[in-house]
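Undergrad: The structure under discussion is supplied below as structure tokens; questions concerning it will follow.
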Amino acid sequence: MLLTNACTAHSRRLRRSQVRVHARGVIFIWEIVVFTKKNFKEQRIELGRLRTKFQYETKYLVEYLSFTSDLTEKKNQQLSDQIFSDSESDPEAEAILQQLFEKEKDALLSYYHNSGIVLVYTVFESVLSDLCNEVKEFTGAGFSNNCLSGGNLIGKSKLYLELVSELPFDLIQGEWARIGQFQNLRNIIVHQNSCFVGSQQSVDKQKHRVSNNFHAIKISEVYQRFYILDDALVVEFVDLIKRFISKVIDYLESVDFLIEHKESNVNLECVPF
């Protein structure tokens, strides 16, 4: 599928009805402005720099998460040793100490893995926005992903790429559905401190959604919250965004955009002869 630039003065009011497919398979977005084809040329965008940047970002992200995991395990062992020492010195408190250990151990591990989910989400949000900016600059589009109303930055970035490049949804449909589930999980972590809040009906609905989408998550009925106790979900999320971004970049680099050719006008008054 070949695509275009949106270079009109009214491109902020873009609608899907403004997308037209021509006989040669070149898609362009137009409104009011009339142009001749000689003013445009087909070009493909190069995203190698952004692809490499993302590869290193995810590489260092995984290494950072692994490093933090090692520190968490060491801290967990220190906590275990301290609890054991205290239970020996106060045998009557052993049951209480064991209960505290289980709670603190789950919380400690979960804090690390929760922050990992949030961090991966942030990296994904950033690189997707960078892709939109690259496409905007390359095509000379008169609007950005931030111009689109409603939704979050990731949703607006996806919509932007669909509008300016006709990114086919079926290409990313599988990954997008799972990303939505991780997004919901991230929102509960960030906005609700990993707790289930609201009415009983709302709490039950949140628990059901989390347990169905993420079987490895431990749900505490006592504290009305959840715990992520291993890094499997974080690793899955990293692999998920890598597949998604790779598919999007591969597609964008295969697109022939119609780019407006602007000739430079020389000011003859500045010529010294």
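Undergrad: Leaving ligands, DNA and RNA out of it, report the carbon-plus-sulfur percent of the accessible area of region 195-251 at a 1.4 Å probe.
TA: 52 percent
Undergrad: Does a label point 7 Å from the Cα of R178, set along Cα-to-beta-carbon, have any residues of region 219-256 with amide nitrogen under 12 Å, and which are they?
TA: 233-245
Undergrad: Could you calculate the contour length gain from S202 to Y223, that is, 0.36 nm times the residue separation minus the distance between their Cα atoms, to one decimal place in nm? Walk me through the intermediate numbers first.
TA: On the way: separation 21, 0.36 × 21 = 7.56 nm, distance 1.57 nm.
Length gained between S202 and Y223: 6.0 nm.
Undergrad: What pairs in K59/K207; K59/K103; K103/K207; K136/K242; K53/K105; K41/K242 have C-alpha atoms more than 26 Å from each other? Can you show the working numbers first?
TA: On the way: K59/K207 33 Å; K59/K103 32 Å; K103/K207 19 Å; K136/K242 22 Å; K53/K105 36 Å; K41/K242 32 Å.
From K59/K207; K59/K103; K103/K207; K136/K242; K53/K105; K41/K242, over 26 Å: K59/K207; K59/K103; K53/K105; K41/K242.
Undergrad: For L171 and Q78, what does the FRET efficiency come to when R0 = 45 Å and r is the distance between their Cβ atoms, rounded to the nearest 0.05? Before the final figure, lay out the partial values.
TA: Working: r = 48 Å, r/R0 = 1.06.
Once rounded, the FRET efficiency stands at 0.40.
Undergrad: Please give the length that would be gained between E42 and T122 if that part of the chain were fully extended, namely 0.36 nm times their separation in residues minus their C-alpha to C-alpha distance (nm, one decimal). Numbers along the way, then the final one.
TA: On the way: separation 80, 0.36 × 80 = 28.80 nm, distance 3.38 nm.
Between E42 and T122, full extension yields an extra 25.4 nm.
Undergrad: Let me ask something else. Roughly speaking, what is the stretch gain from E104 to T52, that is 0.36 nm per residue apart minus the C-alpha to C-alpha distance, in nm to one decimal?
TA: Details: separation 52, 0.36 × 52 = 18.72 nm, distance 3.97 nm.
Difference between extended and current length: 14.7 nm.
Undergrad: OK, next. Given a 1.4 angstrom probe, what's the average accessible area per residue across region 117-179, in square angstrom? Could the numbers behind the result be given before it?
TA: Working: 2310 Å² over 63 residues.
On a per-residue basis, region 117-179 sits at 37 Å².
The values are calculated or read from the model by the stated rules, or taken from the named source; none is laboratory data. Quantities reported herein were computed from a predicted structural model and do not represent experimental measurements. Positions of Cβ are generated from backbone atoms using ideal geometry, with glycine treated the same way; all protein chains shown enter the neighbour counts. Just so you know, the surface numbers come from the protein's heavy atoms only, side chains and all, with ligands and any DNA or RNA stripped out. Shrake-Rupley method; radii C 1.70, N 1.55, O 1.52, S 1.80 Å.
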